[in-house]
Amino acid sequence: MWGGRFAEGPSAIMREINASIPFDKALWRQDIAASKAHVAMLGACGVVSGEDAVTIRDGLDAVAAEYEANGVPEDWDLEDIHMTTESRLAQLIGPVAGRLHTARSRNDQVATDFRLWVRDAMDQAQSGLEALQVALVTRAGEHAGSIMPGFTHLQTAQPVTLGHHLMAYYEMIGRDRSRFADARKRMNRSPLGAAALAGTGFPIDRLMTAQALGFDGPTDNSLDSVSDRDFALDYLMAATQCALHLSRLAEEFIIWASQPFGFVTLPDALSTGSSIMPQKKNPDAAELVRGHSGRISGCLMALMMTMKGLPLAYSKDMQDDKPPVFEAAGLLALSIAAMTGMVAETKFRTERMLAAAELGFATATDLADWLVRQADIPFREAHHITGAAVKLAESRGTALDKLPLEDLKAIDSRIDERVFKALSVEASVAARKSHGGTAPEQVRLRVADARDALGLE
C-alpha cells in the first residue's frame with residue numbers, strides 16, 4: 001500500500017502491532033455502505049465517470065456478498081478492513097477499483113465507518129432497553145398492590161409495593177434511553193470527505209454522501225472530523241451508566257433469590273447449578289450482568305486514556321478506539337437481554353414479601369405521622385415517642401400494631417384506638433398517595449402513563 005515511500009517492508013513486530021483487521025473487520029457493512037455512497041457522489045460530481053462508478057458499485061456489492069457468505073478474510077499485510085475491501089475489489093473489477101479512493105483518506109473513511117457502527121449500536125441499545133421497559137411495566141402492573149419491604153441501608157424502612165419498586169427501574173432505564181438518544185443526535189454528522197485532515201481539492205458534494213448515509217449533514221471542520229472520537233466516548237458513557245443500572249437491578253434479584261429472603265424464584269433458563277451441591281440454583285446470569293458493569297466501565301476508561309493528550313489530527317493510537325467500544329456493546333446487549341428475560345419470567349413470591357414487610361417495624365413512620373396529624377404533635381417529638389414504642393415492641397418480640405393500647409397510652413396519653421388504622425402495612429402503603437408515591441392507585445397511574453409512552457394497549 002505504501003511501498004513507494006519505503007525501501008523495505010515492515011518487520012514482523014510492526015506488521016503485527018499495525019494490523020487492525022482482526023477487530024475492525026466488524027465494520028465491513030459500514031465500510032461497504034460508505035464506499036458506495038462515496039463512489040455514487042464521485043460519479044454524480046464528475047470526479048469519476050458514470051460507467052466507472054457503476055462498475056465500482058457493483059463490485060462492492062459482490063465483495064459484500066462474499067463477506068456475508070464466508071466472513072472477512074484476515075490478511076495482516078492489508079492491515080485493515082478498508083484495504084482488505086479495496087484489494088478484493090481490485091481482484092474482481094481490475095484497476096478501476098483504484099478510483100474509489102479518490103477524494104478520501106483512510107482517516108475520514110474509518111471515522112465515517114465507526115460513526116455508522118456506533119450509531120447502529122445506539123439504535124440496538126434503544127431497542128433492547130425498550131423491551132426491558134415493557135417487561136418492567138408489565139410486571140409492575142401485575143403487582144401494583146403487592147406489598148414488600150422498602151429498604152434503606154438494606155434495613156427495613158417502610159412498606160412499598162413491588163410494582164412501585166419495579167417502576168423505579170423503569171425510570172432509570174428511561175434516563176438511559178434519553179442519554180443514548182442525546183448522544184445519537186449529537187454524533188449524527190458525516191466526516192466523509194474531510195480526507196486525511198485538510199479536506200480535498202476535488203469538487204465533491206459532502207452533503208450528498210451525508211444524506212445517503214442517514215446523517216443530518218457533514219461535519220464542519222476537517223481536522224476535527226478525522227480526530228473526533230467524542231461519539232464513541234458518548235456511547236461508552238451512556239453504556240456505562242446503563243450497565244450500572246442493570247447491575248443494581250441484577251443485585252436485587254441476587255439478594256431476593258437467596259434463601260433468607262426467598263422473594264423470587266428465578267427462571268431455570270437464567271440460572272445454573274453446582275457441580276457438587278445438587279440443591280443449588282445459582283443466579284449466574286444476574287451475577288454476570290453485575291460483573292459486566294465493571295468491564296463496560298473499564299472500556300470507557302480505556303478509550304478516555306487513549307484520547308487523552310492527542311494532538312490534531314489523526315494519530316495511530318486511535319486505532320485502539322474500536323476494541324473497547326465493540327467489547328462494551330457486546331456486553332451491554334447481553335446484559336440487557338438477560339435482565340429483560342429475568343424480569344419477564346421470574347416468579348415473585350408475594351406472600352414472603354408481605355411477611356417480610358410486616359417485620360422490622362416498617363410502619364413506625366406511620367405512627368409518627370399519625371401523632372402529627374391526629375394529636376398535633378411536632379414531628380421531632382412524635383419521632384421520639386415512636387422510638388419508645390418501637391423499643392417496647394422490640395423487647396416483647398411483637399409488631400407495633402400488636403401492642404396493647406394501654407401500653408401505647410403509657411408511652412404517650414394522646415394515643416387512642418384510632419392509631420391502629422394507621423399501623424398495618426396495607427394502611428401504610430395506601431396512605432402514600434402523593435405524586436410518585438407507593439400507593440397502589442399511584443402505581444397504577446404511573447403504569448398507565450408508561451404504557452402510553454411505550455405505545456402499549
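The values are calculated or read from the model by the stated rules, or taken from the named source; none is laboratory data. Please read these numbers as outputs of a predicted model, since none were measured by experiment. Glycine also receives a Cβ, built like all others from the backbone with ideal geometry; neighbour counts cover every protein chain displayed. The accessibility values were calculated without ligands, DNA or RNA, using every heavy atom of the protein model including side chains. Shrake-Rupley method; radii C 1.70, N 1.55, O 1.52, S 1.80 Å.
Worth pointing out:
- Here region 107-356 is treated with +1 on each Lys and Arg Cβ and -1 on each Asp and Glu Cβ, and its dipole about the Cα centre works out to around 500 debye.
- Eligible lysines near LYS185 by straight Cα distance, threshold 21 Å, same-chain separation 8 or greater: LYS322
- Three-way shape label, region 107-356, alpha-carbon gyration tensor, a/c 1.5: prolate
- In degrees, nearest ten, helix 81-93 long axis to first principal axis of the chain (Cα): 40
- Ranking of PHE180, PHE420 by solvent-accessible surface, largest first: PHE420, PHE180 (1.4 Å probe, protein heavy atoms only, all chains present).
- Per residue, region 12-102 exposes 45 Å² of accessible surface when a 1.4 Å probe is rolled over the protein heavy atoms with every protein chain present.
- Descending semi-axes in Å of region 194-297, equivalent ellipsoid built from Cα gyration tensor: 51, 13, 12
- Of all accessible heavy-atom area on the chain, the percent that carbon and sulfur account for (1.4 Å): 54
- Note on SER434 and PHE151: their simple-model spin labels are 2.4 nm apart, each label 7 Å out from Cα toward Cβ.
- Residues SER413 and LEU334, FRET efficiency given R0 of 51 Å [Cβ-Cβ distance, rounded to 0.05]: 0.25
- Residue (of PHE231, PHE253, GLY298) at the positive-pole extreme of region 225-344, dipole from beta-carbon charges: PHE253
- Note on region 68-135 and region 159-184: Cα centroid distance 34 Å, given to the nearest whole angstrom.
- Of the residues ALA368, SER146, GLY59, the one whose Cα sits farthest towards the positive end of the charge dipole of the chain is ALA368 (charges of +1 on Lys and Arg Cβ, -1 on Asp and Glu Cβ, taken about the Cα centre).
- Converting the Cα gyration tensor eigenvalues of region 360-423 into ellipsoid dimensions via √(5λ) gives semi-axes, longest first, of 16, 12, 11 Å.
- Sum of side-chain charges, GLY128 neighbourhood, beta-carbon under 12 Å (Lys, Arg +1; Asp, Glu -1): -2
- Euclidean distance of C-alpha centroids, region 333-390 and region 25-51, integer Å: 61
- Once the Cα atoms are used to define both axes, helix 284-307 deviates from the longest principal axis of the chain by about 50 degrees.
- Prolate/oblate/rounded call for region 12-102, Cα gyration tensor, a/c under 1.5 rounded: prolate
- Within the shell defined by Cβ-Cβ distances under 12 Å, the residues around THR240 carry a net charge of 0, with Lys and Arg each +1 and Asp and Glu each -1.
- Listed by chain and number, the lysines whose C-alpha is less than 29 Å from the C-alpha of LYS347, apart from same-chain residues fewer than 8 away, are LYS280, LYS281, LYS433.
- Ordered by 1.4 Å accessible area with all protein chains kept, HIS292, HIS435 run largest first as HIS435, HIS292.
- Computed label-point distance, nm, for sites ARG396 and LEU92 using a 7 Å Cα→Cβ extension: 8.5
- The label point for ASN70 and the one for GLU345, both projected 7 Å from the Cα toward the Cβ, are 3.8 nm apart.
- In order through region 129-135: 3J(HN,Hα) via Karplus (6.51 cos²θ - 1.76 cosθ + 1.60), integer Hz, x for Gly, Pro: 5, 5, 4, 5, 4, 4, 4
- Alpha-carbon centroid distance for the pair region 296-311 / region 441-457, whole angstrom: 40
- Cβ-based net charge around LEU303, under 12 Å, with every Lys or Arg adding one and every Asp or Glu removing one: -3
- Extension gain for the segment LYS280 to PHE202, taken as residue separation times 0.36 nm less the Cα-Cα distance, is 21.3 nm to one decimal.
- Taking amide H as placed 1.01 Å from N in the peptide plane, ASN282 has its amide H under 5 Å from the amide H of THR272, GLY273, each at least 5 places away in sequence or on another chain.
- Under-5 Å amide H pairs with ALA157, H placed in peptide plane, nonlocal only: GLY150, PHE151, THR152
- Net length available on complete extension from ILE255 to SER127 is 43.3 nm, with 0.36 nm assigned per residue and the Cα-Cα distance removed.
- Between ILE17, HIS435, CYS242, the Cα set farthest toward the positive side of the dipole of the chain (charges on each charged residue's Cβ, about the Cα centre) is that of HIS435.
- R0 of 30 Å, Cβ-Cβ distance ALA181-ALA62: FRET efficiency to nearest 0.05: 0.25
- Applying the criteria of a DSSP loop state and at most 16 other Cβ atoms within 10 Å to the trypsin sites (Lys or Arg not before Pro) of region 422-452 yields LYS433.
- Potential lengthening of the chain between ASP317 and ALA269 amounts to 13.1 nm, from the contour at 0.36 nm per residue minus the alpha-carbon distance.
- What region 360-423 shows is 56 Å² of accessible area per residue, with the surface traced by a 1.4 Å probe over protein heavy atoms.
- Helix-derived mean residue ellipticity, 222 nm - over the chain, DSSP H n ≥ 4, -39500 (n - 2.57), to 500: -20500 deg cm²/dmol
- Label-reachable residues, region 52-77, where backbone N falls under 18 Å from a point 7 Å from ASP120's Cα toward its Cβ: 60-74
- Size of electric dipole in the chain: Cβ of Lys, Arg +1 and of Asp, Glu -1, about Cα centre, debye, nearest 20: 880
- Mean projection area, nm², convex hull over Cα of the chain: 30.2
- Between helix 322-345 and the chain: long-axis angle, C-alpha atoms, 0 to 90°, nearest 10: 40
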